[in-house]
1. Just going by the charge dipole of the chain, with Lys and Arg at +1 and Asp and Glu at -1 on Cβ, which of Ile310, Thr274, Tyr131 is farthest out on the positive end?
2. By how many nm would the segment from Asn195 to Glu15 grow when fully extended, if each residue of separation counts as 0.36 nm and the alpha-carbon distance is taken off?
3. Lys218: accessible area at probe 1.4 Å, nearest 10 Å²?
4. Measure off 7 Å from each Cα along the Cα-to-Cβ vector at Ala236 and Glu281, then give the distance between these two points in nanometres to one decimal.
5. Have a look at Ser92, Val442, Gly383 and report the one farthest towards the positive end of the charge dipole of the chain, computed about the Cα centre with Cβ charges (Lys/Arg +1, Asp/Glu -1).
6. Assign unit charges at the C-beta atoms only (+1 for Lys and Arg, -1 for Asp and Glu), then state the dipole size of the chain relative to its Cα centre in Debye, rounded to the nearest 20.
7. Would you mind computing, in nm to one decimal, how far apart the modelled labels at Met373 and Tyr394 are, each placed 7 Å from Cα along Cα→Cβ?
8. For segment 179-205 and segment 391-445, write down the distance between their C-alpha centroids in whole Å.
Amino acid sequence: MNNILISRNPLDEQEVGSVKVASNDDVVTAVNDAKQAQIAWGKLTSEQRAQLIIEAFSRLNRVQEQLVNLISEEMGKDHRRATYEVMGVIQSASYLCREIMQAIAPVKKPSGTKIYYRPLGVVGVISPWNYPLAMANNLLLPALVAGNTVVLKPSEITPLVADMFVRTLNEVLPNGVLSVIHGDGEVGKALVASNINMVAFTGSAAAGKHIMASSANKLHRLVMELGGNDPMIVLADADINKAARFAVASSFENAGQMCTSTERIYVDERIHNTFVERVVEIAKQYSVGPWDQPRVNIGPIVNKKQHQQIIHHLKDAKEKGARFLLGSDDYLPPYIQPTVIDGLTDEMLMAKEETFGPVVAIDSFSNIDEAIMRANKVPLGLGAVVFGESNAAYVAENIEAGMVGINGGPGAGDGPWVGAKESGFGYHGSLEGHRQFTQVQVISA
Ligand code: NAD
């Protein structure tokens, strides 16, 4: 990568802007500055830090519209969803600060022993492009409130969102408490190899494994929020209309580029035909186009590489016998039209790997345990969904996923955001998640 990183609009590959790529020396300097700043930052009370952070986040209101536009321009998300992402980050900051303060308050045990949640030091946050603001924020906010300083390495696909985010927060935060360095995975690797204390990472399982291996010799603390290949099981007594609506919405959300998007659907053979018909009816109502057009609900795919990956999965599914009920395997960048396939088999790439595109992929089952077995057949285990009544709890308990939704999406606002198997190691969110950004210290007298 040369030393200028150009951010391009997925619609037409026009330049949106550029940033400087961090050299190895820049990475070392950012980490050293963060180490130095952490001494004073860690000595503040959590209330003092939270006060500064809340004030810093209030500055984001002024650049709210610019952040929304940058999200749309850099990764193709429509205006409404980008607004939702920005507002979510701004509006949840003070609530989250209070929740984090509560999580890290010392606890006194009946014996008199005290448990403290101390800062770890410098946290390297490495984030993806699909929710470029929210994903970075989910990791850097608990790190900062807990008294750590943060060096953020955002995705090379969405550097400008992160740059504006950090620059604005730094109008209030003391020097060195939060900084941003830019570049691709090589800069991420340099950050992991540096003198940091923790890596908080959201991204693919492949990169997560590399980071974990590279962290071994320093025993960096790790929070890894990795990819998903989420199954949905539709039972015979499910509300078919609701299940079909969810299946389409979850498969197409963010043009399918969501870690917990539904990737594989197993439906009871007794309701299979009705379910499939309803899915196709609903999927036909989605419209594809540029993010700034009204009524568009599937935007462009983020770049040609990701577009090719989806086409590769669609072609593979066709070769292996999938029936295309809507759409085809032949789309030009930057779009993938709403696609529904039936006859998904375990041998298809679409079943084995994350497709990350607006595709509903369905197969039927005759036995619930067989459906659970197929759902569990992949190494990833982020979210899962079951629609139905009498056996829904049984399915939920037996699915190997960190978060299972019954008759709705996985992941609760007040619960941890957690992956199972190769979808995660450590987690964030909720009291337990916030504590992962701390060093637990037990003092007994
Ligand atoms: P990615 O793994 O390619 O990149 C993520 C970040 O890691 C980028 O900043 C990248 O530059 C950096 N990186 C890549 N290789 C690295 C390495 N070896 N060392 C250090 N840094 C490295 O992922 P992406 O394409 O940006 O994002 C999509 C993936 O993220 C999907 O798999 C999706 O499911 C996952 N995701 C997971 C969650 C979750 O909460 N579990 C949320 C959003 C996205």
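The values are calculated or read from the model by the stated rules, or taken from the named source; none is laboratory data. This structure is a prediction, so every number in the text was calculated from the model and none was measured. We place every Cβ from the backbone using ideal geometry, glycine too, and count neighbours over all the protein chains shown. Side chains are part of the model used for accessible areas, which takes the heavy atoms of the whole protein and leaves out ligands, DNA and RNA. Shrake-Rupley method; radii C 1.70, N 1.55, O 1.52, S 1.80 Å.
1. Tyr131
2. 61.4 nm
3. Number for this one is 100 Å².
4. Reported label-point gap for Ala236 and Glu281 is 2.3 nm.
5. Most positive-ward Cα: Val442.
6. 1480 debye
7. Simple spin-label model gives 1.5 nm for this pair.
8. Taking the Cα centre of segment 391-445 as reference, the centre of segment 179-205 is 23 Å away.
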